[in-house]
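What follows is one structure encoded as structure tokens, with my remarks underneath.
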Amino acid sequence: MTSKKIVLFAFLILAFTWGAYWYNFGYLQSQGISKTANEWALLGDFLGGVLNPILTFLTILILIKSLTLQKNENNKTKKFEKIRSFELHFFNMIDSQKVLFNNLKLKFDAGDVAVIKTAGAAVISIEDIVIHLKDNGKKNEDIKVALESLDNDDSIYSATRTFAIIAKLVQKKLSDQNGFTNEDRKEYYEVLLNFTDYSLIRLILITMKYFDNAQVTALRENIEFLETLKSAGIEEYAREI
């Protein structure tokens with residue numbers, strides 16, 4: 001019941017009480033307006049006895065309503081502060097992710113010469129290796145060994161680790177226990193995908209399929225993140241690579 005409805009209800013109760021008193025003593029008993037103070041005092045006692053409990057109850061309802069509204073506003077404020085704190089870390093880590101990926105350097109054999117490729121170019125060469133090995137009937141374990149041989153200095157791990165940490169940050173900070181929902185988390189997973197270089201996303205999907213470190217394992221076990229990948233149409237690439 002809203003505050004306006006409570007006030008209207010109180011007014012109707014007051015009008016009904018006055019009307020009932022007049023109807024009983026004025027209309028039915030044909031009594032005129034008394035000039036005796038004692039009889040007016042009886043009227044006051046009657047009105048007070050009828051109205052006070054009702055109005056007290058309505059006052060309590062209004063107080064409860066006010067406290068509920070205040071609590072809801074406090075919860076909204078706390079949630080806003082949590083989101084603001086989360087987004088500060090979230091977008092700072094996305095910026096760091098871009099720097100780390102741009103610094104990715106891998107050495108590839110090109111005949112008698114070793115060629116160093118960076119960032120997106122390195123990912124394309126990794127994809128070529130994976131496709132070549134798959135076309136030659138190699139198993140996932142063979143592909144894993146080949147990819148790990150490229151990553152002697154953990155460059156791939158460093159480039160993909162930040163993405164996994166950001167996904168874990170979304171899962172932890174926007175948990176149900178902190179007042180957030182599945183839709184809230186999916187929204188930020190979508191933002192993460194949209195703000196991540198597509199070459200890096202492809203590299204992450206490759207590591208999720210062929211690597212076994214704790215970071216990519218956490219991504220593989222994150223159902224909500226996997227659902228976001230599927231809705232974004234990226235899961236098909238993961239199956240093909």
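Values for this structure:
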| item | result |
| --- | --- |
| Meets criteria (touching a residue at least 40 places away in the same chain (Cβ under 8 Å), in contact with a His (Cβ under 7 Å, 6 or more places away or on another chain) and not small (G, A, S)) for L192 | no |
| Enumeration of residues in the stretch 195-223 that are under 19 Å from G233 (Cβ atoms), in contact (Cβ under 8 Å) with a residue 12 or more places away in the chain, in a helix (DSSP H, G or I) and not hydrophobic (A, V, I, L, M, F, W, C) | S199, R202, K209, R220 |
| Among (1) without any contact (Cβ under 8 Å) to a residue 12 or more places away in the chain; (2) assigned to a helix (DSSP H, G or I); (3) in contact with a Leu (Cβ under 9 Å, 6 or more places away or on another chain); (4) aliphatic (A, V, I, L, M) - the single one V99 does not satisfy | (3) |
| Which numbered condition L219 fails, given (1) crowded, with 19+ Cβ neighbours inside 10 Å; (2) over 23 Å from the mean Cα position of the chain (by Cα) | (2) |
| Tally of residues being within 16 Å of V170 (Cα to Cα) and exposed (fewer than 12 other Cβ atoms within 10 Å of the Cβ) across the stretch 59-94 | 6 |
| Where a residue in the stretch 61-84 is among the charged types (D, E, K, R) and its partner, wherever it lies, is assigned to a helix (DSSP H, G or I), with Cβ under 9 Å and at least six apart | K65/S3; K65/I6; K79/N178; K82/K173; K82/N178 |
| Wholly within the stretch 110-181, helices (runs of 4 or more DSSP H) carrying at least 1 residues that are on the phi > 0 side of the Ramachandran plot | 119-135 |
| Residues of the stretch 164-192 classified as under 26 Å from E148 (Cβ atoms) and surrounded by fewer than 19 Cβ atoms within 10 Å (Cβ to Cβ), total | 2 |
| Options D212, D154, D197; residue that is open to solvent by 70 Å² or more (accessible area, probe 1.4 Å) and at pLDDT 90 or above | D197 |
| Condition met for A159 (over 30 Å from the mean Cα position of the chain (by Cα), surrounded by 14 or more Cβ atoms within 10 Å (Cβ to Cβ) and among the small types (G, A, S)) | no |
| Residue in the stretch 91-98 that is touching a Ser or Thr at 6+ places or on another chain (Cβ under 8 Å), at pLDDT 90 or above and not aliphatic (A, V, I, L, M) present | yes |
| The listed residue being basic (K, R) and under 37 Å from the mean Cα position of the chain (by Cα), out of K138, K105, K134, K117 | K105 |
| Close pairs from the stretch 115-143: first in contact (Cβ under 8 Å) with a residue 40 or more places away in the chain and closer than 15 Å to D197 by Cβ, partner among the hydroxyl-bearing types (S, T, Y) and assigned to a helix (DSSP H, G or I), Cβ under 7 Å, at least 6 apart | A119/S199; G120/S199; V123/S199 |
| Any hit, the stretch 105-125, residues being polar (S, T, N, Q) and within 30 Å of E87 (Cβ to Cβ) | yes |
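The values are calculated or read from the model by the stated rules, or taken from the named source; none is laboratory data. In this text the structure is predicted, and so the values were computed from the model without any measurement. Glycine also receives a Cβ, built like all others from the backbone with ideal geometry; neighbour counts cover every protein chain displayed. Areas reflect the complete protein model, heavy atoms only, side chains present, ligands, DNA and RNA absent. Shrake-Rupley method; radii C 1.70, N 1.55, O 1.52, S 1.80 Å.
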